[in-house]
Amino acid sequence: MTQLVDDQLLSGILRGAAPPKRRTAVFTTGYWYVRLCQAVLGAADRTGVLSAPFAALPIAARERAMHGLLELPDSIGLLSLRELGAVIGQQRRRHDLNILGMEALSAAIRLDAHVYLSASSPRLEAALHAEGCSVTVVG
């Protein structure tokens, strides 16, 4: 089964941590990826939850992690909105989620993925369960 990871878990993988499930294809969503990029690349003097772990890395490790952020490794899959647009449209009628949640739900459905979240998201978790998708909160 494929695993779908959120932005914080993606951050860990790019910094060298193992994905939640070893030897299983790793995917993320466009919005989770964009949110991580905005946090890390937009961090100036202040760091936040997503950017601080990058800033804390030794220089060589930070450069490797930043390279992975700027050019997502082939080992991390990312579905196009071209593939998800219709699924998002169909799911919108069934679930009241923001666009980030809708993309995650739709990607999980399309990939038949197990979703790993770094923090609980009750509405997303309920929608995933309603659609027969599995989810684990690892944070």
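The values are calculated or read from the model by the stated rules, or taken from the named source; none is laboratory data. Note that the structure is a prediction, hence the values are computed from the model and not measured. With ideal geometry, Cβ positions are generated from the backbone for all residues, glycine too; neighbour counts draw on all protein chains shown. Note: accessible area is taken over every heavy atom of the protein model, side chains too, but ligands, DNA and RNA are not part of it. Shrake-Rupley method; radii C 1.70, N 1.55, O 1.52, S 1.80 Å.
Things to note:
- For Pro53, the conditions (1) surrounded by 12 or more Cβ atoms within 10 Å (Cβ to Cβ); (2) at pLDDT 95 or above; (3) over 23 Å from Thr24 (Cα atoms) are fulfilled apart from (2).
Quick grid of which residues meet (1) at pLDDT below 95; (2) in a loop (DSSP other than H, G, I, E, B); (3) more than 30 Å from Ala130 (Cα to Cα):
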{"residue": "Ala43", "(1), (2), (3)": "yes, yes, yes"}
{"residue": "Arg46", "(1), (2), (3)": "yes, yes, yes"}
{"residue": "Leu72", "(1), (2), (3)": "no, yes, yes"}
{"residue": "Met102", "(1), (2), (3)": "no, no, no"}
{"residue": "Leu105", "(1), (2), (3)": "no, no, no"}
{"residue": "Ala108", "(1), (2), (3)": "no, no, no"}
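- Total residues in the range 17-38, condition hydrophobic (A, V, I, L, M, F, W, C), out of contact with any strand residue (DSSP E or B) (no Cβ under 7 Å at 6 or more places or on another chain) and surrounded by fewer than 19 Cβ atoms within 10 Å (Cβ to Cβ): 4
- Scanning the range 92-100 turns up no residue that is among the aliphatic types (A, V, I, L, M), without any contact (Cβ under 8 Å) to a residue 60 or more places away in the chain, under 17 Å from Thr24 (Cβ atoms) and not in a helix (DSSP H, G or I).
- For Ser120, the conditions (1) open to solvent by less than 60 Å² (accessible area, probe 1.4 Å); (2) over 18 Å from Thr2 (Cα atoms); (3) touching a residue at least 12 places away in the same chain (Cβ under 8 Å) are fulfilled apart from (1).
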